[in-house]
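S.K.: Before I ask anything, let me first share the structure, which is written out below as structure tokens.
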Amino acid sequence: MELEQVLREAIDKNSIEVVFQPQIDLASQQVIAAEALARLKGKDGDYIPPPKFISLAEELGLITKLGEQILRKSCFAAKDWYDQGKPIRVCVNVSALQFCSEGYFDQVFAVLEDTNLKTSLLELEVTESLLMQDVDLVEGILRDLSLTGIFIAIDDFGTGYSSLSYLKRLPVDVLKIDQSFVREMLDDKQSMDIVRTISDLGHSMQLKLVGEGIETAEHEQILKSFGCQMGQGYLYHKPLHKADFDRLVIQGA
Ligand code: G
Ligand code: G
Ligand code: MN
Ligand code: NA
């Protein structure tokens, strides 16, 4: 299968690309974090959707290796920003299978040591569905990671089924409001209500809120009115290659 071959080759050559989408502090409009997003080009030169190659890597037992390569590139980038005077946190998506695989904590810690990145400049994005898996296992790993100072975010929040009492118990720092609600909130009262409810929940649990998929000034204004502190979306920037990200945040161009 062609995709499998492309994926295996990228892992062998450590050639997976990582792009970075700025996260904006809505009050100051400064870039304060970046979500790392993996990119893999097919033979036709077009990018393969990440959910496709990530799930294939999971099926083939390659996710641990692929995930480590993505994490390493992400931490390396954040260390470079830090060295250039910009302590920008890098937010890395973690597949559930990778998270639950043996040695995950050690892998993360080794990458931080090798890249010499401070723990507080790494944020791991986990999904609600991960939280619902092996509850004790997941809670233990989250606790170990969090105790080191690494930030934990729940991605696509609102699309899953995490119980609030469980959420309260977990060492979570950030809720990322799923972009589908942000996209639909202007036309759909229910989506607006969901965004408001997630924001209220975030405040009562003292979590930081990131609005995703912000495409218009109106989206931003509504999220701000709900007390959402951070935003990510095409209104600000698309995911950028490292060189373009550097031009933006280091040189201010
Ligand atoms: O970047 P893009 O919009 O194409 O991403 C689509 C989906 O793929 C998002 O849900 C994103 O979280 C996921 N994704 C992107 N990069 C990674 C990665 O490095 N690891 C994992 N597990 N998921 C990723
Ligand atoms: O599920 P996750 O949040 O990790 O998905 C991130 C994906 O969302 C990235 O692939 C990114 O390209 C995409 N994305 C980021 N901002 C926007 C936006 O404003 N609009 C749309 N349609 N997609 C976005
Ligand atoms: Mn994400
Ligand atoms: Na998301």
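S.K.: Filter the range 125-151 down to the residues that are among the hydrophobic types (A, V, I, L, M, F, W, C) and either free of Cβ contacts under 8 Å to residues at least 24 places away in the same chain or farther than 14 Å from VAL90 by Cβ (or both) and list them by number.
M.R.: Listed by number, the residues that qualify are VAL126, LEU130, LEU131, MET132, VAL135, LEU137, VAL138, ILE141, LEU142, LEU145, LEU147.
S.K.: Do you know which residues across the range 165-186 are under 25 Å from GLN23 (Cβ atoms) and away from ligand 3 (no atom under 16 Å from the Cβ)? Walk me through it before giving the result.
M.R.: We begin by selecting, within the range 165-186, every residue under 25 Å from GLN23 (Cβ atoms); these are 167-168, 170-186.
Hits for the range 165-186 are LEU167, LYS168, LEU170, PRO171, GLU184, MET185, LEU186.
S.K.: Filter the range 157-175 for residues that are in contact (Cβ under 8 Å) with a residue 40 or more places away in the chain and outside any loop (DSSP other than H, G, I, E, B); which is farthest from ligand 4 (Cβ to nearest atom)?
M.R.: VAL174
S.K.: Listed residues LEU142, LEU170, LEU137; which is more than 12 Å from ligand 2 (Cβ to nearest atom) and touching a Cys at 6+ places or on another chain (Cβ under 8 Å)?
M.R.: Every option except LEU137 fails the conditions.
S.K.: Take the conditions at pLDDT 95 or above and at positive phi and apply them to GLY103. Does it pass?
M.R.: yes
S.K.: Right, something else. Working carefully through the options ASP178, ASP200, find the one that is within 16 Å of ligand 1 (Cβ to nearest atom), charged (D, E, K, R) and without any contact (Cβ under 8 Å) to a residue 60 or more places away in the chain.
M.R.: Of the residues listed, the single one that is within 16 Å of ligand 1 (Cβ to nearest atom), charged (D, E, K, R) and without any contact (Cβ under 8 Å) to a residue 60 or more places away in the chain is ASP178.
S.K.: Mind checking which residues of the range 164-181 are more than 23 Å from SER120 (Cβ to Cβ) and at pLDDT 95 or above?
M.R.: Within the range 164-181, ASP178, GLN179, SER180, PHE181 meet the criteria.
S.K.: Scan the range 21-48 for residues that are more than 16 Å from ILE214 (Cβ to Cβ), within 16 Å of ligand 2 (Cβ to nearest atom) and touching a Leu at 6+ places or on another chain (Cβ under 9 Å) and jot them down.
M.R.: Selection gives ALA36, ALA38, LEU40, TYR47, ILE48.
S.K.: Within the range 124-137, is there a residue that is surrounded by 15 or more Cβ atoms within 10 Å (Cβ to Cβ), more than 15 Å from ligand 1 (Cβ to nearest atom), under 19 Å from the mean Cα position of the chain (by Cα) and of a type in the set (Val, Ile, Thr)?
M.R.: No, there is no match, as no residue in the range 124-137 is surrounded by 15 or more Cβ atoms within 10 Å (Cβ to Cβ), more than 15 Å from ligand 1 (Cβ to nearest atom), under 19 Å from the mean Cα position of the chain (by Cα) and of a type in the set (Val, Ile, Thr).
S.K.: Turning to a different aspect of this structure: Of the residues that make up the range 177-191, is at least one outside any helix (DSSP H, G or I), closer than 30 Å to THR216 by Cβ and away from ligand 2 (no atom under 14 Å from the Cβ)? Steps first, please.
M.R.: Kept after step one, since they are outside any helix (DSSP H, G or I), are these residues of the range 177-191: 177-178, 185-188.
Now restrict to residues that are closer than 30 Å to THR216 by Cβ: 177-178, 185-188.
Narrowing the set further to residues that are away from ligand 2 (no atom under 14 Å from the Cβ) leaves 187-188.
Yes, because at least one residue in the range 177-191 is outside any helix (DSSP H, G or I), closer than 30 Å to THR216 by Cβ and away from ligand 2 (no atom under 14 Å from the Cβ).
S.K.: Any residue at all in the range 118-128 that is small (Gly, Ala, Ser), in contact with a Gly (Cβ under 8 Å, 6 or more places away or on another chain) and within 30 Å of TRP81 (Cα to Cα)?
M.R.: Checked the range 118-128: at least one residue is small (Gly, Ala, Ser), in contact with a Gly (Cβ under 8 Å, 6 or more places away or on another chain) and within 30 Å of TRP81 (Cα to Cα).
S.K.: Could I ask something else about it? Specify the residue that is surrounded by the fewest Cβ atoms within 10 Å (Cβ to Cβ); the eligible residues are those in the range 196-214 that are of a type in the set (Ser, Thr, Tyr) and within 19 Å of LEU186 (Cα to Cα).
M.R.: Checked the range 196-214; the qualifying residue surrounded by the fewest Cβ atoms within 10 Å (Cβ to Cβ) is THR197.
S.K.: Next question. When only residues in the range 215-225 that are surrounded by fewer than 20 Cβ atoms within 10 Å (Cβ to Cβ) and within 20 Å of MET205 (Cβ to Cβ) count, which is farthest from ligand 1 (Cβ to nearest atom)?
M.R.: Among those that are surrounded by fewer than 20 Cβ atoms within 10 Å (Cβ to Cβ) and within 20 Å of MET205 (Cβ to Cβ), it is SER225.
S.K.: Among SER120, SER74, which is the only one that is loosely packed, with under 15 Cβ neighbours inside 10 Å and polar (S, T, N, Q)?
M.R.: After ruling out the rest, the residue left standing is SER120.
S.K.: Out of curiosity, is VAL18 at pLDDT 95 or above, hydrophobic (A, V, I, L, M, F, W, C) and farther than 23 Å from GLN5 by Cα?
M.R.: Here the answer is no, as VAL18 does not meet what is asked.
S.K.: Scanning for something more than 25 Å from GLU59 (Cα to Cα) and in contact with an Asp or Glu (Cβ under 8 Å, 6 or more places away or on another chain), does the range 113-123 turn up at least one residue?
M.R.: The answer is yes; a qualifying residue exists.
The values are calculated or read from the model by the stated rules, or taken from the named source; none is laboratory data. If you're wondering where the values come from, they're calculated on a predicted model, not measured in any experiment. Neighbour counts run over all protein chains shown; Cβ positions are idealised from the backbone, glycine included.
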